[in-house]
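Asker: My questions all concern the structure below.
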Amino acid sequence: MEQIKEFTSAVELHGYELYELPTGYCERSGWLITGRTVTGELRHYAPLRQFPGLYRTFSSTKEEPTAIKEFANKYGLLGGNIGAIVPVPEEPAPYRQAMGEFLEDWYQEIRSMRRFVSLWDGLLAARKSGLQPQLVVQGSDSFLVGSGGSQIASQHADALLFDSLRLGDTLRPALAYLQVEVNRRLDLHLVVPRLALDFGQTSIVGAFMPDSLLGAIWTDFYVAITEGKGPEEYKTCASCGRFFEKILARRRDAIYCSDACKSKAYRRRM
Ligand SMILES: [Zn+2]
C-alpha cells in the first residue's frame, strides 16, 4: 500500500484567487477559484504520504469561499472533472483564459465526500457493535440511523441505497452501496496501476495514480476504508484544523499536526 502514496500534486506558490464570473462570458457563471499567474511558480508535495486523512479534512471543509480558498492555498485545486478553462479578469484587457474551478462544484464534491464518510463511519460502528443500522421514516424522507443515533444516510441523497434496504438487513446493502460508489469515483479519477518515479525521483515504483487532487482525496478515502480506519483513528489539529492520524503523532496526547503548527500556536499565545 506504500506505493500508492507517491502521487504528487502542485500548489501555486502565490496562492489562489476568488472572483465572480458574470453571465455571458462562458456557458456558466458564478464564483470561481483560480491560480493567480499563468507561468505559475509551483510547490510540489505528496498529499497521500504527507497528509493521510485528507479526505476527512476535505469532507469537513465549510461550503464557503474563504474556506475553499484556504484549502486550495494549502493543497491546490481539485482538478479532474472539476477543472475547466475559464475566462479570468485581467488588467487592462477584460479577460484571459486560465484554469478555474466553480465553487459550486467544490461544494458538491465536499457534500458528496461528507455523505460517504458519514456512511462509512456509521457502518464501521455498526460492524463493531454488531447492531444493524436502523431504517427510520421521518416525514417525507427515510434515514439510516447508526448505533449512536446519528443519521448516516438519507433516501433523499442516496435513493439507490434505499431501494436495496430491507428491514433487519441494512448493513450488507449499505456496504455494497459504499463499495460501488467509491469504486465509481476511483474509475472517474482514473485510479489505475501505473509506473511512477518515487518522490525522490531515484527509483521507479508501481503506484495507483489518480488524475488529480480530487482523485487523490478519493484514493485517501479508499486507503482508509481498506485499513478499517474510522473517526477514532484521527485527531483535528488545534492550530490548522486538519485531520491527522493519531498513530502518526509523536505523542499520544499531541494536539498539533506538525511542529510548524505547534510553534505557530505558541507564537500566537505570546
Ligand atoms: Zn496543523
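The values are calculated or read from the model by the stated rules, or taken from the named source; none is laboratory data. Worth saying up front: this structure is predicted, and the values here are computed from it rather than measured. With ideal geometry, Cβ positions are generated from the backbone for all residues, glycine too; neighbour counts draw on all protein chains shown.
Asker: Looking at the range 175-189, can you tell me whether even one residue there is basic (Lys, Arg), more than 18 Å from ALA46 (Cβ to Cβ) and either in contact with a Gly (Cβ under 7 Å, 6 or more places away or on another chain) or part of a loop (DSSP other than H, G, I, E, B) (or both)? Before the answer, list the steps.
Answerer: As a first pass, look at the range 175-189 and keep what is basic (Lys, Arg): 184-185.
With the extra rule that they be more than 18 Å from ALA46 (Cβ to Cβ), the set shrinks to 184-185.
Cutting the leftovers down to either in contact with a Gly (Cβ under 7 Å, 6 or more places away or on another chain) or part of a loop (DSSP other than H, G, I, E, B) (or both) gives us none.
No, the range 175-189 contains no residue that is basic (Lys, Arg), more than 18 Å from ALA46 (Cβ to Cβ) and either in contact with a Gly (Cβ under 7 Å, 6 or more places away or on another chain) or part of a loop (DSSP other than H, G, I, E, B) (or both).
Asker: VAL117 versus (1) without any contact (Cβ under 8 Å) to a residue 12 or more places away in the chain; (2) of a type in the set (Val, Ile, Thr); (3) under 23 Å from ALA224 (Cα atoms): which is the lone unmet condition?
Answerer: Unmet condition: (1).
Asker: Right, another one. Kindly state which helices (runs of 4 or more DSSP H) lie completely within the range 8-116 and contain at least 3 residues that are surrounded by 17 or more Cβ atoms within 10 Å (Cβ to Cβ) and at pLDDT 95 or above. First the steps, then the outcome.
Answerer: Values: elements: 47-50, 54-59, 65-75.
Hits in the range 8-116: 54-59, 65-75.
Asker: Could you figure out which of (1) more than 20 Å from the chain's Cα centre (by Cα); (2) assigned to a strand (DSSP E or B); (3) surrounded by 11 or more Cβ atoms within 10 Å (Cβ to Cβ); (4) not small (Gly, Ala, Ser) isn't true of LEU161?
Answerer: (2) is the only condition that LEU161 fails.
Asker: Within the range 215-270, work out how many residues are within 13 Å of the ligand (Cβ to nearest atom), part of a helix (DSSP H, G or I) and closer than 27 Å to ARG115 by Cα.
Answerer: Matching residues across the range 215-270 total 1.
Asker: Within 16 Å of the ligand (Cβ to nearest atom) and either in contact with a His (Cβ under 7 Å, 6 or more places away or on another chain) or touching a residue at least 40 places away in the same chain (Cβ under 8 Å) (or both): does that describe GLY206?
Answerer: Working: within 16 Å of the ligand (Cβ to nearest atom): no; either in contact with a His (Cβ under 7 Å, 6 or more places away or on another chain) or touching a residue at least 40 places away in the same chain (Cβ under 8 Å) (or both): yes.
So GLY206 does not fit the description; no.
Asker: So which residues in the range 164-174 are outside any helix (DSSP H, G or I) and either touching a residue at least 40 places away in the same chain (Cβ under 8 Å) or among the β-branched types (Val, Ile, Thr) (or both), if there are any at all? Explain how you work it out, then say what you get.
Answerer: Just the residues of the range 164-174 that are outside any helix (DSSP H, G or I), to begin with: 165-170.
Once the filter is applied, which keeps residues that are outside any helix (DSSP H, G or I) and either touching a residue at least 40 places away in the same chain (Cβ under 8 Å) or among the β-branched types (Val, Ile, Thr) (or both), the range 164-174 yields only THR170.
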